[in-house]
Amino acid sequence: MGWLQLFFLHPVSVYQGAAFPFALLFNYLCNMDSFPTHARYLFLLAGGGTLAWAAMGSLALLVFIPALCSVVLIYSLGPREVHRWTFFFQMSWQTLCHLGLHYTEYYLQEPPSMRLCITLSSLMLLTQRVTSLSLDICEGKVEAAPGGIRSRSSLFEHLCKALPYFSYLLFFPALLGGPLCSFQRFQARVQGSSSLCPRHSFCALTWRGLQILGLECLKVVMRGVVSAGAGLADCQQLQCICVMWSTAGLFKLTYYSHWLLDDSLLCAAGFGSEFGQSPGEEGYIHDADIWTLETTHRISLFTRKWNQSTARWLRRLIFQHGRAWPLLQTFAFSAWWHGLHPGQVFGFLCWAVMVEADYLIHTFANLFIRSWPMQLVYRTVTWAHTQLIIAYVMLAVEVRSLSSLWLLCNSYNSVFPMVYCILLFLLAKRKYKFN
């Protein structure tokens, strides 16, 4: 999704900003007893439909159709079957839509329309909510629809029972971005009243706004650095390292800014961390833990903290169910979910190898490095190496052409992941001997 978010005042940001008054209005109305639960569901659903049509135009049907079909599957299948079928349908639909993007970019050699990019981004987020809900039903965290579609209830009663599912899949604060909100949290928020005092909510939103403003100022500076310097096609030797680092820095600042904006919209609607937590529900987490991401010397920790809600979703969906090579399966699925562009396939598989190497390197280092001066040197060197490897992976994932990917692989930047690959081979061999 990050390849959509490269420019200040990106259309997604504009639409998210336009949704803020309606999010605040929803939060205000939830404090009124005269605003019933069904009206709240309809408000969120109508807002999602309107926002989708404004941002995507007729392409919004590519989001509405799988949402409708997923609700039908959830409403008609048993708890043991619902996850398998919804996962298969949703990923098949998303893959077909991504193939349309491949056809436009690689066969027709035409830049895709912004509406198509926004649609695919929203479709990826829809996949998260659909699979999260189906897993909750399969694991018994959420009760399946009583009676199902085979019951003899009237059409109106069926629609009323299915309304929470429709509203969850298309509610406007999370339609175009934001951390994954579980169905339990969504339902508890809609059925409850706002627990926030206006002053606390205002302070939280103001702080996020100041953070976004600061990040946008840094983006202007970083964009100037990137524009003034040479590109990967023109850089020479060690200069390519500076090009890679500055370009990846611009990407990261863009991610951080958008994540904070998305989180602010959810907070304005009352779905943020300030709302609290239901019993048995996983806590709300922010996608942008900027301090940890910029200071950690471990690639594995960076991976867990980067886009945290998505990382947790991938862990639950793939990693915890993988029997053989769960780490590789998780990153391979992530490449599939992102669209299977050549750079994404290479980048995510390289990332998986780097995480595996990180585990072994730090395990052996903790055994042999004891003195604090050596630990300080070790942490400094591994911090720099971690940031450069992440920059390498990020550029690989973001590039759109094979020629750009080749330029990256053929530059001095490939030395950094290669060092970890060599260490992985040597330490894995030594670990095997120890075992």
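The values are calculated or read from the model by the stated rules, or taken from the named source; none is laboratory data. Quantities reported herein were computed from a predicted structural model and do not represent experimental measurements. Because the Cβ atoms are built from the backbone with ideal geometry, glycine has one as well, and the counts that use them run over all protein chains shown. Heads up: the accessible areas ignore ligands, DNA and RNA and are worked out on the full protein's heavy atoms, side chains in. Shrake-Rupley method; radii C 1.70, N 1.55, O 1.52, S 1.80 Å.
Quick notes on this structure:
- Lys/Arg +1, Asp/Glu -1 at C-beta; the chain dipole; positive extreme among H321, S134, F43: H321
- The residue among I241, P79, L423 whose Cα reaches farthest toward the positive pole of the charge dipole of the chain, with charges on the beta-carbon of Lys, Arg, Asp and Glu, is L423.
- Share of carbon and sulfur in the accessible heavy-atom surface of the chain [1.4 Å probe, %]: 68
- Net charge over other residues, Cβ less than 15 angstrom from the Cβ of L232 (K, R count +1; D, E count -1): -1
- By accessible area with a 1.4 Å probe, ligands and nucleic acids excluded, highest first: order of R316, R430: R430, R316
- Sorting H38, H385 by accessible area puts them as H38, H385; the probe is 1.4 Å, largest comes first, and only protein heavy atoms count.
- Taking packing as the residue-averaged number of other Cβ atoms within 10 angstrom, the listed peptides 91-101, 225-235 run from highest to lowest as 91-101, 225-235.
- For L123, neighbours were defined as the other residues whose beta-carbon sits under 15 Å from its Cβ, and their charges (Lys and Arg +1, Asp and Glu -1) total +2.
- ³J(HN,Hα), Karplus 6.51/-1.76/1.60, whole Hz, each residue of the range 24-30, x for Gly, Pro: 5, 5, 4, 4, 5, 5, 5
- Only protein heavy atoms count here; on that basis, with a 1.4 Å probe, E157 has an accessible area of about 90 Å².
- Near G272, the amide H atoms lying under 5 Å from its own belong to C267; only residues 5 or more places off or on other chains count, and H is placed 1.01 Å from N.
- Percent RCO, i.e. relative contact order, over the range 3-191, from Cα pairs under 8 Å lying at least 6 residues apart: 35
- Linear extension gain, L328 paired with E110, 0.36 nm per residue minus alpha-carbon span: 75.2 nm
- For the chain, the longest principal axis of the alpha carbon atoms and the long axis of helix 372-398 meet at an angle near 60°.
- Karplus-derived 3J(HN,Hα), 6.51/-1.76/1.60, for each residue of the range 341-353, Hz, glycine and proline x: 6, x, x, 5, 4, 5, x, 6, 5, 5, 4, 4, 5
- Calculated [222 nm] ellipticity per residue, helices only, for the chain: -24000 deg cm²/dmol; basis is -39500 (n - 2.57) per DSSP H run with n ≥ 4, divided by all residues, nearest 500.
- Ligands, DNA and RNA excluded, the heavy atoms of Y106 present near 80 Å² of accessible surface to a 1.4 Å solvent probe.
- Near the amide H of L180, within less than 5 Å, lie the amide hydrogens of S309, T310, all on another chain or at least 5 residues away, with H placed in the peptide plane.
- Sequence of E294, E398 when ordered by accessible area, the most exposed leading, probe 1.4 angstrom: E294, E398
- Local net charge near A384, Cβ-Cβ under 15 Å (Lys/Arg +1, Asp/Glu -1): 0
- Sorted peptide list for 299-307, 136-144, criterion being average Cβ within 10 angstrom, highest first: 299-307, 136-144
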